[in-house]
Amino acid sequence: MNLNDPSLKEFIDTVHSESDRACAILVGAALESSLEHLLKETLVKATPRQLFEGYGPLSSFSAKIDMSFAIGKISDDERRDIHLLRKIRVEFAHDIDHLLDFDAQKISNRIHELSVIRVLDGFKDTEMNTNRFRFEVAFAILMVLVLHMRLGPTPRLPSPATLATATPSSE
């Protein structure tokens, strides 16, 4: 997937139509895959593929997140937010009874810790205040940021958390 790929919109539409469980698992898989591609495109071409397989040091989602941060491809806030989405994915994946949803306390708490969606805090619209909507928006923003990093060495955009807390300059 890339920013201009129609499959990104199709993927987001698919995620939107799925159950909470499927949504969380698909979002986690997409972010993990995108981070893996980012790392493979960043590291030297001769990097052994075994780093990403089996028990390789970059085989886990957590390791991919931390390495992406360590090489300066994602910010500390993005690292933290992607880890939160990863933890949500794990909760849903291990919920064998399929009773978990985005309104469950442990999921809701993690969603409300996401810094990337603080821009939504002022909205009163009911649809924009659901945990599901916040989760999907966080995914969309983080996915676009990771895909943007894959485009090459371009100036970093300010994080949404920075934009949300910025005050207009007085002229």
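The values are calculated or read from the model by the stated rules, or taken from the named source; none is laboratory data. Computed from a predicted structure; not experimentally measured. In this analysis, Cβ positions are derived from the backbone assuming ideal geometry, glycine residues included, and neighbour counts consider all displayed protein chains.
Where the second residue is surrounded by fewer than 17 Cβ atoms within 10 Å (Cβ to Cβ) and among the β-branched types (Val, Ile, Thr) and the first is in contact (Cβ under 8 Å) with a residue 24 or more places away in the chain and lies in region 54-79, which pairs have Cβ atoms under 6 Å and are six or more apart or on separate chains?
none
Table: residues versus (1) surrounded by 13 or more Cβ atoms within 10 Å (Cβ to Cβ); (2) under 20 Å from Val146 (Cα atoms); (3) in contact with an Asp or Glu (Cβ under 6 Å, 6 or more places away or on another chain).
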position	(1), (2), (3)
Leu43	yes, yes, no
Pro57	no, no, no
Ser68	yes, yes, no
Asp77	yes, yes, no
Arg80	yes, yes, no
Arg89	yes, yes, no
Asp95	yes, no, no
Asp103	no, no, no
Ile111	yes, yes, no
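Hey, can you tell me all the residues within region 91-107 that are of a type in the set (Asp, Glu) and outside any helix (DSSP H, G or I)?
Once the filter is applied, which keeps residues that are of a type in the set (Asp, Glu) and outside any helix (DSSP H, G or I), region 91-107 yields Asp95, Asp97, Asp101, Asp103.
With respect to the numbered conditions (1) touching a helix residue (DSSP H, G or I) at 6+ places or on another chain (Cβ under 8 Å); (2) modelled with pLDDT under 95; (3) not basic (Lys, Arg), which one is the sole condition not fulfilled by Asp97?
For Asp97, the exception is condition (1).
Within the set of pairs 6+ apart or on separate chains, which have a first residue in region 124-153 that is within 17 Å of Arg110 (Cα to Cα) and charged (D, E, K, R), a second that is buried (at least 18 other Cβ atoms within 10 Å of the Cβ) and modelled with pLDDT of 90 or more, and C-beta atoms under 8 Å apart?
Qualifying pairs under 8 Å: Arg132/Asp20; Arg132/Cys23; Arg132/Phe102; Arg134/Ile111; Arg134/Leu114; Glu136/Cys23; Glu136/Val27.
Determine, yes or no, whether Ile88 is modelled with pLDDT of 90 or more, in contact with a helix residue (DSSP H, G or I) (Cβ under 9 Å, 6 or more places away or on another chain), farther than 25 Å from Ser7 by Cα and not polar (S, T, N, Q).
So Ile88 does not fit the description; no.
At least 2 residues that are among the small types (Gly, Ala, Ser) and under 13 Å from Leu142 (Cα atoms) in each: list the helices (runs of 4 or more DSSP H) lying fully within region 1-90 that qualify.
Ranges flagged: 20-42.
Among the numbered conditions (1) farther than 25 Å from Met128 by Cα; (2) surrounded by 18 or more Cβ atoms within 10 Å (Cβ to Cβ); (3) modelled with pLDDT under 95, tell me where Thr47 comes up short.
Thr47 satisfies every listed condition except (2).
So in region 137-168, with the set limited to residues that are of a type outside the set (A, V, I, L, M) and over 22 Å from Lys73 (Cα atoms), which one is modelled with the highest pLDDT?
The extreme case among them is Thr165.
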